[in-house]
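For reference, the structure is listed below as structure tokens.
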Amino acid sequence: MKESITFTVLSPCIGAYVNNVDLSRPLSDSQFEQLYHGLLRYQVLFLQKQPITPIQQRTLAARFGDLYIHPLYPHAEEVKEIIVIDTDQDNPPDNDNWHTDVTFIDTPPAIAVLASKLLPEKGGDTLWVSNIAAYDALSEKIKQLLQGLKAEHDFKKSFPEYKYCRTEKEHKRWKKAAEKNLPVQHPVIRTHPVNKRKALFVNEGFTTRLLGLTIKESDVLLDFLFAHINKPEFQVRWRWQKNDVVIWDNRVTQHYANADYYPDRRIMHRATVLGDVPFES
Ligand code: SIN
């Protein structure tokens, strides 16, 4: 029997609830396929009341592809593919800016799976934006201007050295990561490898400059694109409850974790699925 998954759409261009899935049990092939199709369509999927362990989270994420091990973030005990984002006033987050995860590598993640583990009493929402909707809303003239342009993405923009000098061990780890992750180039307009939709592919977290332009031209154009991408029209906002799980298509979205919850603490677990080399067609 085919178990059907249903979706409730949350906004015109991004986000849907997934209504009838239990992630503590392995998904059937049919359920997984429906989930993946929902992800391609809605770009971000929200699942509630899913108390999954790090191992279950890894198993789910690994069905989408190979998992990425982050060079800096700590991981769950004995599950190195699950990043632990544990933040409070003394250890503030670095994801309270608009970013697409890990665009500083040649094959940035395709998908991420995020589970809430400890939440502040108030605040700590996450917002996602559809880079497809942002691209679609540009005028033809600007689309033409961006065609064929490449941008540089740099690990050090979100992970600057001065933030990683608290201990010698931390600094050594940062230096190793910085040596391994030199700036890379990606197209400014990215074609989704599966559904072929076009999306803007620059983000404030990691994009440093547009190649072939003067510094001034690059700064002005990037500032315009960063402001354009973050229009509320392209967004969905999630107010977390414990054991929520959110899955997003990292190829065509970006997100912002609101850091408005101090002095409370917030703990999230993330699995990150490697993607392919971005291209424009
Ligand atoms: C992330 O930036 O990947 C995690 C977002 C969050 O903590 O809400």
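Residue by residue, here is whether (1) hydrophobic (A, V, I, L, M, F, W, C); (2) more than 16 Å from the ligand (Cβ to nearest atom); (3) over 14 Å from Arg270 (Cα atoms) holds:
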| site | (1), (2), (3) |
| --- | --- |
| Ala16 | yes, yes, yes |
| Leu45 | yes, no, yes |
| Gln56 | no, yes, no |
| Gly65 | no, yes, yes |
| Pro74 | no, no, no |
| Val84 | yes, no, no |
| Asp88 | no, no, yes |
| Trp98 | yes, no, yes |
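For residues that are touching a helix residue (DSSP H, G or I) at 6+ places or on another chain (Cβ under 8 Å) and in a loop (DSSP other than H, G, I, E, B), tally how many sit in region 21-53.
Total satisfying the criteria: 7.
Conditions (1) over 15 Å from the mean Cα position of the chain (by Cα); (2) aliphatic (A, V, I, L, M), marked per residue:
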residue: Gly65; (1), (2): yes, no
residue: Leu72; (1), (2): yes, yes
residue: Glu77; (1), (2): yes, no
residue: Asn95; (1), (2): no, no
residue: Leu114; (1), (2): no, yes
residue: Leu119; (1), (2): yes, yes
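Looking for whichever is of a type outside the set (Asp, Glu), open to solvent by less than 70 Å² (accessible area, probe 1.4 Å) and touching a Leu at 6+ places or on another chain (Cβ under 7 Å) here; the options are Leu72, Leu39. Which one fits?
Leu39
Consider Lys49 carefully, then state whether it is open to solvent by 60 Å² or more (accessible area, probe 1.4 Å) and on the phi > 0 side of the Ramachandran plot.
In short, yes.
Residue by residue through region 107-140, note down the ones that are crowded, with 20+ Cβ neighbours inside 10 Å and at positive phi.
Gly124
Just the residues that are open to solvent by less than 20 Å² (accessible area, probe 1.4 Å) and assigned to a strand (DSSP E or B), please, taken from region 86-95.
Across region 86-95, the qualifying residue is only Thr87.
Residues of region 113-144 being in contact with a helix residue (DSSP H, G or I) (Cβ under 8 Å, 6 or more places away or on another chain) and not β-branched (Val, Ile, Thr), which ones?
Passing the criteria: Ala115, Ser130, Asn131, Ala133, Ala134, Tyr135, Ala137, Leu138, Lys143.
When only residues in region 249-265 that are farther than 11 Å from Gln43 by Cβ and near the ligand (Cβ under 9 Å from one of its atoms) count, which is most open to solvent (accessible area, probe 1.4 Å)?
If we take residues in region 249-265 being farther than 11 Å from Gln43 by Cβ and near the ligand (Cβ under 9 Å from one of its atoms), then Tyr256 is most open to solvent (accessible area, probe 1.4 Å).
Does Asp22 fit the bill of being open to solvent by 60 Å² or more (accessible area, probe 1.4 Å), in contact (Cβ under 8 Å) with a residue 40 or more places away in the chain and more than 16 Å from the ligand (Cβ to nearest atom)?
Answer is no for this residue.
Can we say Ala115 is assigned to a helix (DSSP H, G or I) and either small (Gly, Ala, Ser) or within 16 Å of the ligand (Cβ to nearest atom) (or both)?
no
This table checks each residue for (1) under 16 Å from Thr272 (Cα atoms); (2) touching a strand residue (DSSP E or B) at 6+ places or on another chain (Cβ under 8 Å); (3) in contact (Cβ under 8 Å) with a residue 60 or more places away in the chain.
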residue	(1), (2), (3)
Tyr36	yes, no, no
Leu40	no, yes, yes
Gln48	no, yes, yes
Ile55	yes, yes, no
Arg63	yes, no, no
Tyr68	yes, yes, yes
Leu72	yes, no, yes
Glu81	yes, yes, yes
Asp86	no, yes, yes
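Hey, can you tell me all the residues within region 156-173 that are open to solvent by less than 100 Å² (accessible area, probe 1.4 Å) and either farther than 16 Å from Phe206 by Cα or free of Cβ contacts under 8 Å to residues at least 60 places away in the same chain (or both)?
Lys157, Pro160, Glu161, Tyr164, Cys165, Thr167, Glu170, His171
When you go through Val246, Val236, Val202 one by one, which is the residue that is in a loop (DSSP other than H, G, I, E, B), β-branched (Val, Ile, Thr) and either open to solvent by less than 30 Å² (accessible area, probe 1.4 Å) or modelled with pLDDT under 95 (or both)?
Result of the check over Val246, Val236, Val202: Val202.
The values are calculated or read from the model by the stated rules, or taken from the named source; none is laboratory data. Everything numeric in this text was worked out from a predicted model, so none of it was measured. Reconstructed Cβ throughout: ideal geometry from the backbone, glycine too, with neighbour counts over all protein chains shown. When the accessible area is computed, the model is the full protein with side chains, heavy atoms only, and any ligands, DNA or RNA have been set aside. Shrake-Rupley method; radii C 1.70, N 1.55, O 1.52, S 1.80 Å.
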